1. Which of these, Pro36, Pro134, Pro87, has the largest mean-square fluctuation under a Gaussian network model of the chain (Cα springs below 10 Å)?
2. Would you mind calculating the relative contact order of the chain from Cα pairs under 8 angstrom and at least 6 residues apart, reporting the percent as a whole number?
3. Arrange the peptides 200-210, 156-166, 177-187 so that the one whose residues have, on average, the most other Cβ atoms within 10 Å appears first.
4. What FRET efficiency do you get for Ala67 and Asn150 if R0 is 25 Å and r is their Cβ-Cβ distance, rounded to the nearest 0.05?
5. Quantify, in whole percent, the carbon and sulfur part of the accessible surface of the stretch 145-225 (1.4 Å probe; protein heavy atoms only).
6. With a ≥ b ≥ c taken as the square roots of the eigenvalues of the C-alpha gyration tensor of the chain, please select rounded if a/c is under 1.5 and otherwise prolate if a/b is larger than b/c or oblate if it is not?
7. Once you order the gyration tensor axes a ≥ b ≥ c over the Cα atoms, which shape class does the stretch 1-86 get: rounded for a/c under 1.5, otherwise prolate or oblate by comparing a/b with b/c?
8. Can you give me the accessible area per residue for the stretch 1-44, using a 1.4 Å probe, in Å²?
Amino acid sequence: MRPEPYSIEAEPYPFAFDPAVTALVVIDMQRDFLLPGGFGALLGNDVALLTSVIEPLSQVLTAARAAGMLVIHTREGHRPDLSDCPPSKLARGQLDTPIGSAGPNGRILVRGEVGHDIVEELAPLPGEVVVDKPGKGAFYATDLELMLRNAQITSLVVTGVTTEVCVHTTVREANDRGFDCLVPGDCVGSYFPEFHEVGLRMIAAQGGIFGWVTTSEHLLTALGAERPVLTTTQGA
Ligand code: TIU
């Protein structure tokens, strides 16, 4: 039987959550962004700022799987010959060790390399979708939208890194395609705390211009099916 919708406490107002039509999207929780020596670190960032995301996100991932939600993981990266990497992206930052060069976890942001893959704590289960994307947004040059439409998904819980880059781009792409996006703020992370905070505010501002923002706690409560709503006023 299709689960009843639940109301999740969120900004700017409660989010009507139905796990049957909602996918959990885990954006780019790759070693290249979370561990030293990867792409994130080469850009000059403190990668330790992202590790706090792993624990709450792993709880949400476990609960989403238990609830039977569609789970989709993404990875940013390129073919080994870099034929799908725009020259502008390759040149950006004037890095000494650009995309494709050797790092401690293999070639930077190249598919098939250890650094390109997802951290152990959040490893995809067999059968879960992994979308390899060449850009920041998960919809650009991928078959993500086709899979979501085929599965009759209308809402997304968007998690992962980084808040203002790949998460934000994906939320914006999804919003324009008509998907309702819920972002648990502690399940997304940035190298820049101020960008993280403002990025979340930008999503929920103006009546939820891009979507809703909540916490893993509220989401886990809903996934535990403790709070049926939308029907509670009936018969009162
Ligand atoms: N640099 C940065 O903040 N992010 C990225 O390059 N990619 C993702 O956000 N995944």
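1. Looking only at Pro36, Pro134, Pro87, the largest GNM fluctuation is found for Pro87.
2. Values: 461 pairs, mean separation 65.1, N = 236.
It comes to 28 percent, rounded to a whole number.
3. Values: 200-210: 16.4, 156-166: 25.6, 177-187: 21.5.
Highest to lowest by the protection proxy: 156-166, 177-187, 200-210.
4. Values: r = 20 Å, r/R0 = 0.80.
So the FRET efficiency works out to roughly 0.80.
5. Details: 1790 of 3310 Å².
The C+S portion of the solvent-accessible surface of the stretch 145-225 is 54 percent.
6. Working: a/c = 1.99, a/b = 1.82, b/c = 1.09.
Prolate, since a/c reaches 1.5 and a/b exceeds b/c.
7. Working: a/c = 2.63, a/b = 1.88, b/c = 1.40.
Cα axes put the stretch 1-86 in the prolate bin.
8. Details: 1770 Å² over 44 residues.
Result: 40 Å² of accessible area for each residue.
The values are calculated or read from the model by the stated rules, or taken from the named source; none is laboratory data. Given the structure is predicted, the values throughout are model-derived calculations rather than measurements. Every residue, glycine as well, gets a Cβ built from its backbone with ideal geometry; the counts of neighbours run over all protein chains shown. To get the accessible areas, we keep the full protein, side chains included, count just its heavy atoms, and leave off ligands, DNA and RNA. Shrake-Rupley method; radii C 1.70, N 1.55, O 1.52, S 1.80 Å.
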